[in-house]
Amino acid sequence: MNEHSLDLVIIGGGPAGYIAAIRAAQLGLKTALVDKRPSLGGTCLNIGCIPSKALLTSSDHWHFIQHQAASHGIHADDLRFDLSAMLARKDKVVRTLSGGVDLLIKKNGIARYRGTARVTAPGIVDVDVENEQPVTLRADRILLATGSVPVELPQAPFNGGTIVSSTEALSFTEVPRQLAVIGAGAIGLEMASIWRRLGAEVTVIEFLPRIAPGCDADIAIGLQRALEKQGIRFHLEASVTSVDSVDGRPVVRADCKGQPIAVDADRVLVAVGRRPYADGLFPHDNSPETDKRGRFIIDAHYQTTLAGIFAVGDLVQGPMLAHKAEEEGVACVERMAGKAGHVNYDVIPGIVYTNPEAASVGITEEQAGELGMKIRTGRFPYAANGRALAGGDTTGFVKLIACAATDRLLGAHILSPHASELIAEIVTLMEYRGSAEDLARIIHGHPTLSEATREAALAVDGRAIHITRS
């Protein structure tokens, strides 16, 4: 067996792992990156964030042509979409990005191993390298960044055909006539949007009393209304009891507010969350301690309960978001190198990439109430925004939450097209402990969607310009 000595071994080539590897190399650490996939990028790049956004974009173009183009004076007859071409474009986007990651790893002098890694002893990682001899990697530090996998429901186990996870839902070779989605979080809503736009009858079944858990209540309500107008049906406060096969087709049975319901489908997407994936990493029962949700317990330096073994991303506490994982990977290796790596967990944005998009950062109005905080809120609708009116889509609003005593921004919630881009301004301001007044004083280009953000900041103090006070 070949042996190699390094400063750091990173297991997992997703956003946390490959970015940590690049930063470690920049800091002079001799680094190896181990991942079992043929292409780097993890779930996010290969079967998650990137391919889903490619299909969301393609399906949104089709939806615009069908439902909005005529209002712009654009008339197109005898149009059709080619699903195979959409899927091919999605795959090309993934290949382009994964090829870019490969190049970055090579250019930074990082040793890459494709294979399955096992931590067999302190400082020792054995790798079963595909089509090559096994390798033993020795390092004082091992960083775990193996991400997460979809949660499977006992009453609806994945079978890769009629009951699927988001992985399979990104590659349907034909549009389901009827699609049932279990779970109304970001993944479920985004997949529901893609296939509804392309013609599927979509029903979403959610255990909680509203969609988009974690979003501000006003945003969640507004988003549900918008998606219902697009034809997506919702059953809330519904607990799935079984998925039965009737004449070869799945039927989702659930208890909805005390009443039994049955949803017929061609496909059932289970999108009820994800769990940390560390299966097989520690074959000799020497695993670090985990909490009740299977996440590794870490200290301020991301070190687990085993010395020299660190963990970041979906393996540890916090939202399972690619950008959170990236920042933790960087902070972890910076601290290894004696630098002040830092992640501000109070300003990590969360986004649902439907249309309209929902983007949030900081606390919600409900959370402020639960914490007994005295706040002021400001809200501005896109119906009063010139750019939104010119573009023909005035759905949504901006809602800001500020401390009543200091005016410091505590939270922001946006429902609109391009909310994922608009939220970054507020994240930046909150990172520097800015106030609603600071945001209100910033000159925004006209006409832009971002002017609604400034107007919402003015509204915190009751002086929004383009709406009357109620």
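The values are calculated or read from the model by the stated rules, or taken from the named source; none is laboratory data. Because the structure is a prediction, the values reported are computed rather than measured. Heads up, the Cβs are rebuilt from the backbone with ideal geometry, glycines too, and the neighbour counts pull from every protein chain shown. The protein model used for the area step is the full one, side chains on, heavy atoms only, and it has no ligands, DNA or RNA in it. Shrake-Rupley method; radii C 1.70, N 1.55, O 1.52, S 1.80 Å.
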Reachable lysines, given that their alpha-carbon falls under 23 Å from the alpha-carbon of LYS374 and they are not under 8 places away in the same chain: LYS399
ASP77 versus ARG37: modelled label distance in nm, points set 7 Å from Cα along the beta carbon direction: 4.6 nm
Under Karplus coefficients 6.51, -1.76 and 1.60, residue-wise ³J(HN,Hα) of region 126-141 in Hz, glycine/proline x: 9, 10, 7, 7, 5, 6, 9, 6, x, 10, 10, 10, 10, 7, 5, 10
Region 37-62 residues near the modelled ASN108 label - backbone nitrogen below 13 Å, point 7 Å along Cα→Cβ: 41
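Would you mind putting 275-282, 141-148 in packing order, based on average other-beta-carbon counts within 10 Å, highest first? It would help to have the intermediate numbers written out before the result.
Working: 275-282: 16.8, 141-148: 26.8.
Highest mean packing first, the order is 141-148, 275-282.
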Highest average packing first - 90-97, 253-260, Cβ atoms within 10 Å: 90-97, 253-260
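First compute the accessible area of the chain with a 1.4 Å probe, then give the percent of it belonging to carbon and sulfur atoms. If you can, show how the numbers build up before the last one.
Working: 11030 of 21930 Å².
Taking all protein chains in place, the chain shows 50 percent carbon and sulfur surface.
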Charge dipole (the chain, unit charges on Cβ, about Cα centre) - positive-most of ILE423, GLY280, PHE81: ILE423
Per-selection metrics, the chain (Cα): Rg and Dmax in Å: 23.8, 75
Unit charges on C-beta of K, R, D, E only; dipole of the chain, Debye: 560 debye
From the C-alpha gyration tensor of region 325-464, square roots of 5λ in Å: 27, 19, 14
Tail weight of P(r) past 19 Å, computed on alpha-carbon pairs of region 377-425, percent: 29 percent
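Equivalent-ellipsoid semi-axes (√(5λ), Cα gyration tensor) for region 191-239, whole Å, largest first? Write down the numbers at each step before the final one.
Values: eigenvalues 68, 33, 13 Å².
Ellipsoid half-lengths, sorted descending, are 19, 13, 8 Å.
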Cys residues of the chain counted as unpaired, since no other Cys beta-carbon is under 4.7 Å: CYS215, CYS256, CYS332, CYS403
Alpha-carbon centroid distance for the pair region 21-95 / region 158-230, whole angstrom: 18 Å
Accessible solvent surface per residue of the chain, calculated while the other protein chains remain in place, 1.4 angstrom probe, Å²: 47 Å²
Candidate lysines for bridging to LYS257, where Cα separation is under 24 Å - those fewer than 8 sequence places away on the same chain excluded: LYS229
³J(HN,Hα) computed for each position of region 216-224 - Karplus, 6.51 cos²θ - 1.76 cosθ + 1.60, integer Hz, glycine/proline x: 4, 4, 5, 5, 4, 5, x, 5, 4
Karplus (6.51, -1.76, 1.60) ³J(HN,Hα), θ = phi - 60°, over region 433-445, in Hz, Gly and Pro reported as x: 6, x, 10, 4, 5, 4, 5, 5, 8, 7, 6, 10, x
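Using the per-residue mean of other Cβ atoms lying within 10 Å as a proxy for protection, in what order, highest first, do the peptides 32-44, 284-296 fall?
So the order, starting with the most tightly packed, is 32-44, 284-296.
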Nearby lysines by direct alpha-carbon distance to LYS36 (threshold 30 angstrom, same-chain neighbours under 8 apart not counted): LYS53, LYS90, LYS92, LYS106, LYS107, LYS292, LYS324
